[in-house]
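For reference, the structure is listed below as structure tokens.
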Amino acid sequence: MYTVREQLTAWGYPELADGATLCVTEMLANVHRHVKSPACELRLRTLPEGGVRVAVADRSPELPVWYTEPDWDTESGRGIFLIAAMASQWGVTPRQGRRGKQVWAEFTAVKS
């Protein structure tokens, strides 16, 4: 089993590892904090145009709460804001044929 960093490096995208790893950490923290069932799926894949997509799917149909500006005086509540700031694009899609959603983030780059 690889870490996100190891997998992205193996695919030729070591420069994306920091941002992708932080986003995966935030996505998993959101599952732990907001979803009743901690079961989730982590998926990594390369993009045809260059780069990677990281995604975490869970069983909750509730969508993430998006703030245009987080409350910087609190200890939490900045995960989606960080994902939006670091990723080339991100989003939430319902899971096909299953309960829940998938939160994903894409990072574009030319393969090294």
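Looking at Ala55, Ala17, just one residue is closer than 26 Å to Lys111 by Cα, modelled with pLDDT of 85 or more, touching a Lys or Arg at 6+ places or on another chain (Cβ under 7 Å) and in a strand (DSSP E or B), and that residue is Ala55.
Can you find even one residue in region 29-39 that is among the basic types (Lys, Arg), modelled with pLDDT under 90, exposed (fewer than 13 other Cβ atoms within 10 Å of the Cβ) and not in a loop (DSSP other than H, G, I, E, B)? Yes, because at least one residue in region 29-39 is among the basic types (Lys, Arg), modelled with pLDDT under 90, exposed (fewer than 13 other Cβ atoms within 10 Å of the Cβ) and not in a loop (DSSP other than H, G, I, E, B).
Does Glu62 qualify as being charged (D, E, K, R), under 17 Å from the mean Cα position of the chain (by Cα) and at pLDDT 90 or above?
Considered against the rule, which asks whether it is charged (D, E, K, R), under 17 Å from the mean Cα position of the chain (by Cα) and at pLDDT 90 or above, Glu62 comes out as no.
Scanning region 1-14 for residues that are loosely packed, with under 14 Cβ neighbours inside 10 Å and either without any contact (Cβ under 8 Å) to a residue 12 or more places away in the chain or within 17 Å of Lys111 (Cβ to Cβ) (or both) yields a total of 4. Among residues of region 96-112 that are surrounded by fewer than 11 Cβ atoms within 10 Å (Cβ to Cβ), those with a beta-carbon under 9 Å from a residue that is among the acidic types (Asp, Glu) at least six positions away or on a different chain give the pairs Ser112/Glu15. Within region 40-52, being part of a loop (DSSP other than H, G, I, E, B) and touching a residue at least 24 places away in the same chain (Cβ under 8 Å) holds for Leu47, Glu49, Gly50.
The values are calculated or read from the model by the stated rules, or taken from the named source; none is laboratory data. Because the structure is a prediction, the values reported are computed rather than measured. Please note: Cβ atoms are built from the backbone with ideal geometry, for glycine as well, and neighbour counts cover all protein chains shown.
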